[in-house]
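The values are calculated or read from the model by the stated rules, or taken from the named source; none is laboratory data. Since the model is a prediction, treat every value here as computed from it, not as a measurement. Don't worry about glycine lacking a Cβ; one is built from the backbone with ideal geometry, like all the others, and counts go over all protein chains shown.
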Amino acid sequence: MTAQHLVAARLSFVLLALLAAPASAGVLPDDRADILYHYYDGGGVTIEGPSYLVRKSIGEQFSFYGNYYVDTVSSASIDVVTTASPYEEERTEQSVGVDFLNGDTIMSLSVTQSEENDYSAQSVNFSIAQEIFGGLTTVTLGYGNGSDEVGRNGDDTFSDTVERQAYRLGLSQILTRNMLMSMNLEVITDEGFLNNPYRSVRYQDGFGFSYQQEVYPRTRTSTAAALRTRYYLPYRASVHLGYRYFTDDWEIEAHTAEVGYAHPFGPLSVDLKYRYYTQTAADFYSDLFPFENAQNFLARDKELSTFQSQTIRLGLTYDFLEGGWSFLERGTVNFFYDHILFTYDDFRDLDIGGPTGAEPLYELEADVIQLFLSFWF
Amino acid sequence: MKRVSGFLLLVSLFVSGCSIEPWVKPYERDRLADEIMLFDRDPVSSAYIHHVYEAREGARGASGSGGGGCGCN
């Protein structure tokens, strides 16, 4: 299991709440089907697979959806090449959900199940969204609960769990005829086995360095607050700005900022985006500990180090069924390309090598491709 | 007495709040209803890309459109 994959499995319950989020409290989401192929290539890891999403309303008050998602991982990442062997694995995830519209209120419920050979996760999410002030404002309250089971391949005696809760508050606001704003607050608490059962930290042993297993705290509580706006330009195009602040009790502090532009040209839409992310390290992170068992908690997970990431995106959407066809109202083919650069301030590249503690700092470039078809009916 | 007045003030604010006239009328929301103004135009795609980030970054949460959309209907 890669570090990325482990975290992905754990966080899927948070992200799948996105699929369930209604576009507006007074109207159900559109009936649509999406067939997506995703591909990630970066740092010796390739992850690809499909994601299928179908959403259909029944009557005027209910909208149901189902999602099936697969990650097929082939990993020879920096963690793997320094302490383990390359491997391949697969994770599948299914979720179903329902939205119920009653007047200006939408209640949403979804359940998700994720499986891989050494990790399984289940979660339930609930939210209620209410329009107020004549539809100018939508307030959303949400709650999520997740339970994971963690195993370790090759060690049948190892088994542990993670329990997770998420509390969400959202507010979206019409500011002017041309401007929208949304604010989101989310608090997540975890309790259980939060590290990766395969990963090690390194420490100085007098000759160079040796490895020992990482040890994380068994609890984590994080808070994230985000503000996003969209502005309609004098011609048919929009710009959007977003900022998110994050903090947790592992002493990670992060800022995320993004700016984007969307411009339709007839049936073709172009999306451009730039995203900047920066974080400080967890207080128990070190690239190189001074000796074995140097402290009670030990991590050398690059996701917990001090680093920055930058992304540029090009998105193209082509409307190929503008007038509809048969029972289909509309169809689009979409291509999104993201290029991400991660630069680490205190995670060193042991694959290149060098004097202990003075190896070059690690960098990672990733290409992320999404190709998908969407149909409205 | 102060508490009662405070309570009454809150109640009156709440009640009058419910009757606030929308300063952007429903018929003035055509631009906001355009799909280029959606915070989450393609949920299957945004769920995936957030998944990419949350797997590689320490931060998590508040990435969604849980606040809803434009209330344009």
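A compact table of results
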item	result
Residue check, A:Glu191 more than 23 Å from A:Asp79 (Cβ to Cβ) and more than 9 Å from chain B (Cβ to nearest Cβ)	yes
Evaluation of A:Ile188 against (1) touching a Gly at 6+ places or on another chain (Cβ under 6 Å); (2) farther than 28 Å from A:Asp271 by Cα; (3) without any contact (Cβ under 8 Å) to a residue 60 or more places away in the chain (one fails), failing number	(3)
Residue, farthest from the other protein chains (Cβ to nearest Cβ), within the stretch A:140-166, restricted to residues that are closer than 12 Å to A:Pro197 by Cβ and not in a strand (DSSP E or B)	A:Thr157
Residue within the stretch A:253-268 that is modelled with pLDDT of 95 or more, buried (at least 18 other Cβ atoms within 10 Å of the Cβ) and not in a strand (DSSP E or B) present	no
Selection within the stretch A:346-376 - in a strand (DSSP E or B) and without any contact (Cβ under 8 Å) to a residue 60 or more places away in the chain	A:Leu361, A:Glu363
Subset tally (residues that are in contact (Cβ under 8 Å) with a residue 24 or more places away in the chain, in a strand (DSSP E or B) and among the β-branched types (Val, Ile, Thr)) for the stretch A:33-89	6
A:Glu186 vs. criteria out of contact with any Leu (no Cβ under 7 Å at 6 or more places or on another chain), under 23 Å from A:Val27 (Cβ atoms), acidic (Asp, Glu) and in a strand (DSSP E or B)	no
Residue list for the stretch A:309-329, restricted to those being in contact with a strand residue (DSSP E or B) (Cβ under 7 Å, 6 or more places away or on another chain), at pLDDT below 95 and not in a loop (DSSP other than H, G, I, E, B)	A:Leu328
Residue within the stretch A:195-214 that is facing chain B (nearest Cβ under 7 Å) and in contact with a Ser or Thr (Cβ under 6 Å, 6 or more places away or on another chain) present	no
Residue match in the stretch A:84-91 (condition: closer than 30 Å to A:Gln213 by Cβ, polar (S, T, N, Q) and within 17 Å of the chain's Cα centre (by Cα))	no
Any hit, the stretch A:99-113, residues being of a type in the set (Asp, Glu), buried (at least 23 other Cβ atoms within 10 Å of the Cβ), modelled with pLDDT of 95 or more and assigned to a strand (DSSP E or B)	yes
